[in-house]
Amino acid sequence: MSILSGEYKLEGRTTALVVPGYPIFLAGIYSLFGDGQFGVRLVQSFLDVLTCYLFFLVCRKFFDEKYSLIALSVFAFFPSNALYTQSVLTESLFGLFAMLVFLNVLRGSFDNRILLTGILFGAAILVRSSFSIAVLLIPLYIFIFKQQLFDSISIIKPAINSLLFITGLIIILSPWMIRNKQVMGAFTLATQGGSTLWEGNNPQATGTWNKQVADANVLFNDPDEVGREKEFRKQAVEFILNNPVRFIELGFRKLGYLFSSERMTLLYFMDSPAGMTSSQVYKTVNPLYMAVVNIPYFIVMLAGAWGLLMPFRHKFFVVGFISAWMITMFVFVAVPRYHYVLIPFFVIAAINLLQRGLGSITTLPLRSKLAGLVFTIFLLGVWISEFYLLYFRTV
């Protein structure tokens, strides 16, 4: 990107391919530290410390100090959490804004902060536009819990607060969208939405990014980003409507990729020799490194799956954010690193299980036990099949 020269271009062409939050963040760092990744890693390490502090404040809304500190320890020393600070990826910056949003929505009455909530949400979306669907949680929460929030069943205050939230979103998002209308010809957050939808929904789709299929599609070479996005979206929607069963099958495949191992955390720091697939490279990882990075992830996800089924405060937002992200991946396309967004929520749920004890599983209603069992089998099936194919596939 050419942000430092006052433009937003890719390969010499004006673009809106991705939202500008992280590129602007990188441009600011490069202006201070020069080219190279040292400055990025330094600043992101600092942001990670701040994110951990915010996560502790979030946990205090769920637990006492003891269990909040345990949750903080799990999150702070979570391998991928530390490793992503050393990558040039959106994870660290988005994680900070996600915690700011989460903390803000947990702080009791919305009256004095609903505009700020919208502004923070907008900032998070400018870092990662795939977070957009989660904005629906705020007005939904306001209307569902209006009596607890406003001591009234009237819809006037919920409506006003929802409008204030939307105003906050508009304050942050409108300058970028107006710019895109002026220079690209469309009010849009990013012009990769259509191609992303197509990547996950086409006759050759696998549920994740498929470079060979993408390279074979000449539409990716079309310099008209807006026209390209519309055509990709049209093709994807037609595929979904004409193949509903295949769409659902691909959706579950996408969730499988979403919850697969921490492979991308490790692959980011490895060389990729020409002619080797990512799986072939992943297979060469030292088994000790593989275990250190993956075992904590497996434990947190399994424990969190059961902790989510138990009562705890603010469950609406924890389950809501997880569900919104899963729905987005189900519809579009998934890769393993996208589950990083869910880690803080699963840590909270895992600590909820720890606080209540494993024995509390036996007190769950039958439908909750069945749901927990199904999701546990799903996770174990994803991981077992992944490593079986990695180490024992002969072709």
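The values are calculated or read from the model by the stated rules, or taken from the named source; none is laboratory data. Since the model is a prediction, treat every value here as computed from it, not as a measurement. Backbone-built Cβ (ideal geometry, glycine too); neighbour counts: all protein chains shown.
For region 222-244, a residue qualifies if it is surrounded by 15 or more Cβ atoms within 10 Å (Cβ to Cβ), polar (S, T, N, Q) and not in a loop (DSSP other than H, G, I, E, B), and exactly one does: 235.
Suppose the filter is without any contact (Cβ under 8 Å) to a residue 12 or more places away in the chain, of a type in the set (Phe, Trp, Tyr) and under 30 Å from residue 351 (Cβ atoms); does residue 84 pass it? If you could, list the steps in order and put the result at the bottom.
Details: without any contact (Cβ under 8 Å) to a residue 12 or more places away in the chain: no; of a type in the set (Phe, Trp, Tyr): yes; under 30 Å from residue 351 (Cβ atoms): yes.
No, not satisfied.
Considering (1) at pLDDT below 95; (2) part of a helix (DSSP H, G or I); (3) under 24 Å from residue 338 (Cα atoms), the lone condition that residue 219 does not fulfil carries the number (3).
Being assigned to a helix (DSSP H, G or I), of a type outside the set (Val, Ile, Thr) and touching a residue at least 40 places away in the same chain (Cβ under 8 Å) is a property that does not hold for residue 249.
Name the one entry in 282, 297 that is touching an Asp or Glu at 6+ places or on another chain (Cβ under 9 Å), surrounded by 15 or more Cβ atoms within 10 Å (Cβ to Cβ) and within 30 Å of residue 73 (Cα to Cα). Talk me through it step by step, then tell me what you get.
On the way: 282 fails: touching an Asp or Glu at 6+ places or on another chain (Cβ under 9 Å).
Of the residues listed, the single one that is touching an Asp or Glu at 6+ places or on another chain (Cβ under 9 Å), surrounded by 15 or more Cβ atoms within 10 Å (Cβ to Cβ) and within 30 Å of residue 73 (Cα to Cα) is 297.
If you filter region 308-356 down to residues that are touching a residue at least 60 places away in the same chain (Cβ under 8 Å) and part of a loop (DSSP other than H, G, I, E, B), you find that the one that is surrounded by the fewest Cβ atoms within 10 Å (Cβ to Cβ) is 313.
Would you check if residue 56 is in contact with a His (Cβ under 8 Å, 6 or more places away or on another chain) and either at pLDDT 95 or above or surrounded by 20 or more Cβ atoms within 10 Å (Cβ to Cβ) (or both)?
On the way: in contact with a His (Cβ under 8 Å, 6 or more places away or on another chain): no; either at pLDDT 95 or above or surrounded by 20 or more Cβ atoms within 10 Å (Cβ to Cβ) (or both): yes.
Judged against the criteria, residue 56 is not a match.
Of the residues making up region 133-153, just one is surrounded by 13 or more Cβ atoms within 10 Å (Cβ to Cβ) and among the hydroxyl-bearing types (Ser, Thr, Tyr), namely 141.
Can you pull out every residue in region 197-216 that is assigned to a helix (DSSP H, G or I) and either exposed (fewer than 15 other Cβ atoms within 10 Å of the Cβ) or at pLDDT 95 or above (or both)?
Just the residues of region 197-216 that are assigned to a helix (DSSP H, G or I), to begin with: 197-200, 211-216.
197, 198, 199, 200, 211, 212, 215, 216 - these are the residues of region 197-216 that are assigned to a helix (DSSP H, G or I) and either exposed (fewer than 15 other Cβ atoms within 10 Å of the Cβ) or at pLDDT 95 or above (or both).
This table checks each residue for (1) in contact with a Lys or Arg (Cβ under 6 Å, 6 or more places away or on another chain); (2) small (Gly, Ala, Ser); (3) at positive phi.
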site: 80; (1), (2), (3): no, yes, no
site: 86; (1), (2), (3): yes, no, no
site: 142; (1), (2), (3): no, no, no
site: 145; (1), (2), (3): no, no, no
site: 151; (1), (2), (3): no, no, yes
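Across region 170-188, the qualifying residues are those that are in contact (Cβ under 8 Å) with a residue 12 or more places away in the chain and touching a Phe, Trp or Tyr at 6+ places or on another chain (Cβ under 7 Å), and the one among them that is surrounded by the most Cβ atoms within 10 Å (Cβ to Cβ) is 180. For region 27-44, filtered to residues that are hydrophobic (A, V, I, L, M, F, W, C) and buried (at least 18 other Cβ atoms within 10 Å of the Cβ), the residue that is farthest from the chain's Cα centre (by Cα) is 29. If the condition is being within 18 Å of residue 370 (Cβ to Cβ) and in contact with a Ser or Thr (Cβ under 7 Å, 6 or more places away or on another chain), then region 305-328 contributes 305, 309, 310.
May I ask you to say which residue of 110, 94, 102 is more than 23 Å from residue 162 (Cα to Cα), among the aromatic types (Phe, Trp, Tyr) and in contact with a helix residue (DSSP H, G or I) (Cβ under 8 Å, 6 or more places away or on another chain)?
Working: 110 fails: more than 23 Å from residue 162 (Cα to Cα); 102 fails: more than 23 Å from residue 162 (Cα to Cα).
Answer to the check: 94.
The set of residues from region 357-395 being within 18 Å of residue 346 (Cα to Cα), of a type in the set (A, V, I, L, M) and surrounded by 12 or more Cβ atoms within 10 Å (Cβ to Cβ) comprises 361, 371, 373, 379, 380, 382.
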